[in-house]
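To keep things clear, I will list the structure first and then write my remarks on it.
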Amino acid sequence: MSLILLSACEDYLERTPESVVSPEDAFRNFVNFQGFTEELYHCVPDFTNAYWTNSWNWGEDEIQSTAQTFHYIIKIDNGDFWGWQQQFDGWGAGWMDGNGAAANPGSTDRMQKRLWPLGWYGIRKANMGLENLDKMTDATEEEKKLIKGQLLFFRAWFHFQFMQYFGGLPYIDKVLPSDQPLRLPRLSYHESAERAAQDFREAADLLPINWDNTTAGRRTLGKNSLRINKIMALGYLGKNYLWAGSPLMNKVSTGSITYNQELSKKAAEAFGELLTLVESGQTQYALVPFANYSSNFYTQGQNWLMPGSTEAIFRAPTWGANNSNWNTSKQYQPSPHLTDETVKFLPTSNYVNNYGMANGLPIPDITKPDAESGYDPEYPWRGRDPRFYNDIVYDGVKVVQGSLPANVDQSIRYANLFTSGNYRNVNSGSRTGYLNYKFIPLKANRYDGGFDYGNSLHIKIPYMRLADIYIMYAEAAAQGFNDPTGKSSSFTKNAVEALNVIRDRAGVGRIAAKYQGSLEAFMEELRRERAVELSFEGHRFNDLRRWLLLIQSPYTLKKSIEFDRVGTFNTTDPKQNRVANLREVVILERRFTEKHYWLPLKNADVNMYLEFSQNPGW
C-alpha cells in the first residue's frame, strides 16, 4: 500500500508541460500581470476584524474592561510594547503580528492577515513585479502604467506602515538574493520617508483617479473602489511627508523637536493637490452628509456593500462581512445586560472631554461652569458637539428600542452609567461612565436582534478617509507656513478654512477667532478637532507619539466620570438630566519613558546582522 501511495504521489507531483507557466507568460499581458499584483491587496490587514475582539486604540482614548489581559492595549498600558509580537501574545490577538499561517496572503481567514509578516512579503512581491516590467510586452501604455503604479504604491505603503511604528528602516527597492548575507543599514526616518515619497509621487503620476474611467478598468466596472488610484497615492504622499516633518520624526533625524517646515510644506502641497481634485468634482470622493455619518464605519443588511461610502479613500479587503456579528459588535456594550461578550473597549472620560460644545468652543474643565462656551456641569450632556451624540452613549440614553422579556430587569433599556448604575462594571461593563457607539447602531444588542445574521452588520474602519485629509492638510499648511492662515499653492483654502469644512459638515461652530491669533493656539484646537473627528479610528496613539506628547501628562492618564442623578429621570431627552457631585477619577497612569516613543523590533530580526539595530532603550 505504501508503494502504491508513493507512486501515486510521484505521478501527481509530476507537472504536465501545459501547467508550467514561464516568467514571460506570467508577466506578458495585463490580465496575467494584474493577477500577480492582486495578491498585494490581500497583504493589507483588516485591523478592525483581525480577531474575535480587537484592539487598535492605544492612546489615552480607550481603556479595556478587566475581564481579559491578552489584548495589546493592556500591554501598552503596562509599558510592555513587546506585546505587539507573536511570541509575546499567546492568544494571537494582535493585528500587527500573529500566530499560525499569518504570512499566507492567499488565505481568506481574517485572523491570518497580520502586518509584520505580510508587509515584508508585500515589499518583496512588489519588487519582483517591478523587476519584471520589461516582460509586459503584450500591453497598452495605460495597462503598463496601472501595473507599475500599483507596485510602487504598495512598496511605499508597507514601508510607511513599518516606519511610523519602528522609525527609519532599510528601504528595500530590489529583490534581495537568498544566497547573500544581509547588510542593509537602517536609514534615518527622513531618509526612509524621502524614498517612500519618491514611490508615492511616481505612483500618483502613473495612476488614474478612477479605474472605472480607464479601458482596462472597464473589465471590472463598478468593482474598482479598492484598486490603488491617484487619490490614494497623493493621500499617502502627504501623510508620509507630514509624519516625517512631525516633532518626533524630526527630532530623531535632525535633533530639533519642532516641526520641519520644508517637509510640512511638501505635505501641504500633496494634500492640496488631492483636495483641489475633490472639490472641483474630478473624483469619486466626497464627505458623507452628517445624517449618513455612520456609513463611514458600518452597513446593515447589505453584505455586498462595504462601509466607507464616498469618504473612504484606502481600505483593506473584507474577508467575511458577517464576522462583525460575532464579537466586534459586542465589544462596546455592557455584559451581561446586552451581550454575552465580556471584553469591552471603553472611551475614557478625559478623551470624551475633547467633544466640546455645539458652538465650537472647548470645555476647559468639565467639573466647572464655563460662561463663554455655555457648559454647565449640572447638565453635562446638554448643548454638546453633535458628534458627541453620534459617537458616545452617556447616562440615560435609550439603548434597547424594542420590548424586553418580563423576567429581565426593565431598567436596562436605558444606559445607567451614573456611578452606581447597573451599566457600570469594571470587569464586563463600563469602567469610565461612557460607551463607544461610533461603530455600532443602538439596536446591536440581543433584544433588538442586532446580532442576527439577517441584519448583516458589517463594521470596517478605513485606514484613510477624506475628513482625515482635510485635517492633515490644515496641520501641514499651518506648520509649513508658520501661520493658521497658511495655505499651499495647490489649494485655495488655508488651514483654518480646511478645518471649518469638517466642522461645517458636523454642524459645529467654526474655529473661534481667539484660536486663529497664533500658531500655538491654533494647534491646540486642531489637535482637539482631530481627536473628535477621528476618534477611536486608530490614529491617536501615533498622533501622540509624533507630537512628542505620549509620555507627557495629562496624556498618560485614563479617567472615569463619576456623578449622581438628581431629580426626575428624563427618559425622553437624556440631555436634560441633571447630575450632582460630578468629578473625574484617575483609573490608570501610564508610566512611559523616552523609549516608548518607538516599538521594539523583533530580537530575532535585529540579531540577523549588526547594521539592523534595535530601537533605543529596548
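The values are calculated or read from the model by the stated rules, or taken from the named source; none is laboratory data. Just so it is clear, the structure is predicted and the values come from calculations on it, not from any experiment. Note that each Cβ is placed from the backbone with ideal geometry, even for glycine, and that neighbours are counted across all protein chains shown.
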**OP:** Give the residues of segment 514-527 that are within 11 Å of Leu361 (Cβ to Cβ) and surrounded by fewer than 18 Cβ atoms within 10 Å (Cβ to Cβ), sorted by residue number.
**Re:** Lys514
Original post:
Here are some residues: Glu562, Glu525. Which one is touching a residue at least 12 places away in the same chain (Cβ under 8 Å), part of a helix (DSSP H, G or I) and within 25 Å of Ala358 (Cα to Cα)?
Top reply: Glu525
Original post:
In this structure, is Thr432 part of a loop (DSSP other than H, G, I, E, B), surrounded by fewer than 22 Cβ atoms within 10 Å (Cβ to Cβ) and among the hydroxyl-bearing types (Ser, Thr, Tyr)?
Top reply: no
Subject >> All positions within segment 409-424 that are in contact (Cβ under 8 Å) with a residue 24 or more places away in the chain and part of a helix (DSSP H, G or I) >> reply: Ile412
**OP:** Please go through segment 488-522 and pick out each residue that is part of a loop (DSSP other than H, G, I, E, B) and of a type in the set (Val, Ile, Thr).
**Re:** Thr492, Val508, Ile511
Subject >> Residues located in segment 47-89, provided they are modelled with pLDDT of 95 or more, among the aromatic types (Phe, Trp, Tyr) and part of a loop (DSSP other than H, G, I, E, B) >> reply: Trp56, Trp58
Original post:
Among the listed residues Leu582, Leu548, which satisfies the condition of being closer than 30 Å to Ile502 by Cβ, modelled with pLDDT of 95 or more and not in a loop (DSSP other than H, G, I, E, B)?
Top reply: Leu582
**OP:** Among the residues of segment 424-452, write down those that are of a type in the set (Ser, Thr, Tyr) and under 28 Å from the mean Cα position of the chain (by Cα).
**Re:** Ser428, Ser430, Thr432, Tyr434, Tyr437
**OP:** Search segment 379-408 for residues being in a loop (DSSP other than H, G, I, E, B) and hydroxyl-bearing (Ser, Thr, Tyr), and hand back the single one that is surrounded by the fewest Cβ atoms within 10 Å (Cβ to Cβ).
**Re:** Ser403
**OP:** Report yes if Lys344 is buried (at least 23 other Cβ atoms within 10 Å of the Cβ), modelled with pLDDT under 95 and either in contact with a Cys (Cβ under 6 Å, 6 or more places away or on another chain) or not polar (S, T, N, Q) (or both), otherwise no.
**Re:** no
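Residue-by-condition table, conditions (1) within 29 Å of the chain's Cα centre (by Cα); (2) under 23 Å from Leu361 (Cβ atoms); (3) among the hydroxyl-bearing types (Ser, Thr, Tyr):
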| residue | (1), (2), (3) |
| --- | --- |
| Arg382 | no, yes, no |
| Asn390 | yes, yes, no |
| Tyr394 | yes, yes, yes |
| Gln401 | no, no, no |
| Ala406 | no, no, no |
| Tyr414 | no, no, yes |
| Leu417 | yes, no, no |
| Ser420 | no, no, yes |
Subject >> Matching residues in segment 202-215 - criterion: being assigned to a loop (DSSP other than H, G, I, E, B) and crowded, with 22+ Cβ neighbours inside 10 Å >> reply: Leu207
Original post:
Ile74 is checked against (1) over 20 Å from Leu601 (Cα atoms); (2) surrounded by fewer than 22 Cβ atoms within 10 Å (Cβ to Cβ) and fails just one. What number does that condition carry?
Top reply: (1)
Original post:
Taking segment 309-341 on its own, how many of its residues are of a type outside the set (Asp, Glu), surrounded by fewer than 21 Cβ atoms within 10 Å (Cβ to Cβ) and over 30 Å from Met232 (Cα atoms)?
Top reply: 4
**OP:** Please find, among Phe569, Phe592, Phe563, Phe541, the residue that is within 17 Å of Phe162 (Cα to Cα) and of a type in the set (Phe, Trp, Tyr).
**Re:** Phe541
Original post:
Could you count how many residues in segment 528-542 are among the acidic types (Asp, Glu) and either not assigned by TED's automatic domain parsing to the domain that holds Tyr470 or not in a loop (DSSP other than H, G, I, E, B) (or both)?
Top reply: 2
Original post:
If Asn407 passes every condition in (1) polar (S, T, N, Q); (2) more than 30 Å from Ala512 (Cβ to Cβ); (3) touching a Phe, Trp or Tyr at 6+ places or on another chain (Cβ under 8 Å) but one, which one does it miss?
Top reply: (3)
Original post:
Restricting attention to segment 337-378, which residues are free of Cβ contacts under 8 Å to residues at least 60 places away in the same chain and assigned to a strand (DSSP E or B)?
Top reply: Asp370, Tyr375
Subject >> Selected residue (only one of Pro177, Pro117 is closer than 22 Å to Asn615 by Cβ, of a type outside the set (Phe, Trp, Tyr) and without any contact (Cβ under 8 Å) to a residue 60 or more places away in the chain) >> reply: Pro117
**OP:** Of the conditions (1) modelled with pLDDT under 80; (2) surrounded by 10 or more Cβ atoms within 10 Å (Cβ to Cβ); (3) of a type in the set (Phe, Trp, Tyr), Tyr41 clears all except one; give me its number.
**Re:** (1)
